[in-house]
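Q: Could you have a look at this structure, given as structure tokens, before my questions?
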Amino acid sequence: MLKLTVYVGNVNFAFVIIAVGDKRDGMDDIEQFFKDRHYNIARILLSICGVWPFNTRNRRYIIYFAMTLMLGSAFIFEILGIIDIRHDSVEIIDAVPMICFTILCASKMFCAVHTLPQIKVLLIKMQEYCLSPKSDEETKIQNSHAEYGRKLSYAYTGFILSHSVVYLLSTLLARLVYMKSEKIDETSNAQIGLPHRVNYIIDLDTYYVPIFIHCAICDFTLTFLLVVFDVLYLIVVEHCCGLFAALRYRLEIALVFEKEQLSTTKDKSYSNIVYSIRRHVETMQFVAIMESVYSLSLSIHIGMTVFLISFLGYQVINDMENLDRILKPIALLNGVLINLFFENWQGQKIIDSSERVFESAYNSEWYSMPISARKLLIMMMKRSEKPSILRMSKLVVLSYVTFNTVLRTSLSYFMLLRSL
């Protein structure tokens, strides 16, 4: 058998995956599992981006090369565009948001590739739990969370990608309105019809169509990458919330199971408490691996979001009277705010779900349990007093409080830009 050990902080997780001789069969089983379940959207999106850990190495490398070539060329042309306007502070402020957005999405891609082994562990643990023996009600609870995650994934994907489409269409609208304008110079007129400031070292008016197509493809790809990793984030968080919900159900009716016998222990309440403790430990391990996957990428994400909100807010205020210029920053700012709330909302759900474990343990019929079961329950209650959390760089906790803090910080930088 192949034993996989993953180290997260000072904790190690070891479990058997598959027999060495049946490696391909094991991967096929996992592929089929995620294809048949509510997680198919994550499998499809991750496969497109080359971050599905069960794809062949050659296929992933080909996708990585294509992504690097596309995003690298976009970043170079953006930098060249900023160099052209280095002496115009107003134009630089207008160009900064797309640079930040490019860095944000590219960093998420690199972090996902770097943490691919941990992502694989998360997916395997999800399969292991779904196939493990448990009550019918626990299965229903987990399936309801998986179904909710699937629907929310579709809604979130459509919402964010639609903002990208609106952003690109607004640039075409500006091009149509000001194509023959005599109030602005030729270079500015060409730049107005593009999603962001670029320099392709060729005439922008002559080659406007291919330049716009390249910019649009790159910008849509960046947004798509952001959506892919957020969908995976959403799905694993919903799975974790399902684990906590199933655990709470088991605790609240620890004395009710008549048809189930989970161990050889004669006392049903004792065996159920032992089972609950094991599930609680597995869930905390799952959260720890999630944190190892998303800690760095979310730190970069939130940091870049502060600058994005500040500069986009500045653009919106300055361009209130220019319809052709205000549509793009409004569309991007709206998407960034929704995305920021989404990231912290998922972290808050982990906190809320884990905190309710203590309440469920307290609401159980502990007074009817034997002393041995009570002692185990007390140990579990002591641990569940401290909620499970997702942290960025081991410092900042993802929650509604962090969302509020980021908005306040962004507002401070916005006021600084206005004063300058």
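The values are calculated or read from the model by the stated rules, or taken from the named source; none is laboratory data. Every value quoted in this text rests on a predicted model; they were computed, and no experiment measured them. Reconstructed Cβ throughout: ideal geometry from the backbone, glycine too, with neighbour counts over all protein chains shown. Side chains included, ligands, DNA and RNA excluded: accessible areas come from the protein's heavy atoms. Shrake-Rupley method; radii C 1.70, N 1.55, O 1.52, S 1.80 Å.
Q: Of the residues Ser393, Ser295, which single one is of a type outside the set (A, V, I, L, M, F, W, C) and open to solvent by less than 30 Å² (accessible area, probe 1.4 Å)?
A: Answer to the selection: Ser295.
Q: If you scan the range 44-65, which residues turn out to be open to solvent by 40 Å² or more (accessible area, probe 1.4 Å) and farther than 15 Å from Cys105 by Cβ?
A: Across the range 44-65, the qualifying residues are Ile44, Thr56, Arg57, Asn58, Arg59, Tyr61, Ile62, Phe65.
Q: In the range 45-80, which residues are more than 30 Å from Leu204 (Cα to Cα) and in contact with a helix residue (DSSP H, G or I) (Cβ under 8 Å, 6 or more places away or on another chain)?
A: The answer is Leu45, Leu46, Ile48, Cys49, Gly50, Val51, Trp52, Pro53, Phe54, Asn55.
Q: Taking the range 267-292 as the search range and keeping residues that are within 16 Å of Arg374 (Cα to Cα) and hydrophobic (A, V, I, L, M, F, W, C), which one is least open to solvent (accessible area, probe 1.4 Å)?
A: It comes out as Ile273.
Q: Among (1) under 30 Å from Ile124 (Cβ atoms); (2) open to solvent by 50 Å² or more (accessible area, probe 1.4 Å); (3) in a helix (DSSP H, G or I); (4) touching a residue at least 24 places away in the same chain (Cβ under 8 Å), where does His38 come up short?
A: Only one criterion in (1) under 30 Å from Ile124 (Cβ atoms); (2) open to solvent by 50 Å² or more (accessible area, probe 1.4 Å); (3) in a helix (DSSP H, G or I); (4) touching a residue at least 24 places away in the same chain (Cβ under 8 Å) is unmet by His38, namely (3).
Q: Test of understanding: among Val96, Val90, which residue is surrounded by 17 or more Cβ atoms within 10 Å (Cβ to Cβ) and assigned to a helix (DSSP H, G or I)?
A: Val96
Q: Okay, moving on. Restricting to the range 154-165, name every residue that is modelled with pLDDT under 90 and touching a Leu at 6+ places or on another chain (Cβ under 8 Å).
A: Ile160, His163
Q: Here's another thing I want to ask about it. With respect to Met109, determine if the residue is closer than 18 Å to Leu232 by Cα and crowded, with 17+ Cβ neighbours inside 10 Å. Break it down into steps so the answer makes sense when it comes.
A: Details: closer than 18 Å to Leu232 by Cα: yes; crowded, with 17+ Cβ neighbours inside 10 Å: yes.
So Met109 fits the description; yes.
Q: Checking the conditions here, which among Ser368, Ser412, Ser384 is surrounded by 14 or more Cβ atoms within 10 Å (Cβ to Cβ), over 16 Å from Asp230 (Cβ atoms) and out of contact with any Gly (no Cβ under 9 Å at 6 or more places or on another chain)?
A: Ser384
Q: Does Ile338 count as within 20 Å of the chain's Cα centre (by Cα) and aliphatic (A, V, I, L, M)? Even if it seems obvious, please write down each step before you answer.
A: Working: within 20 Å of the chain's Cα centre (by Cα): yes; aliphatic (A, V, I, L, M): yes.
Yes: the conditions hold for Ile338.
Q: I'd like the residue in the range 133-180 that is polar (S, T, N, Q) and open to solvent by 30 Å² or more (accessible area, probe 1.4 Å) and, out of all such residues, is farthest from Asp230 (Cα to Cα).
A: Thr139
Q: A further question on this structure: If you go through the range 73-101, how many residues are polar (S, T, N, Q) and free of Cβ contacts under 8 Å to residues at least 12 places away in the same chain?
A: Summing the residues that are polar (S, T, N, Q) and free of Cβ contacts under 8 Å to residues at least 12 places away in the same chain in the range 73-101 gives 1.
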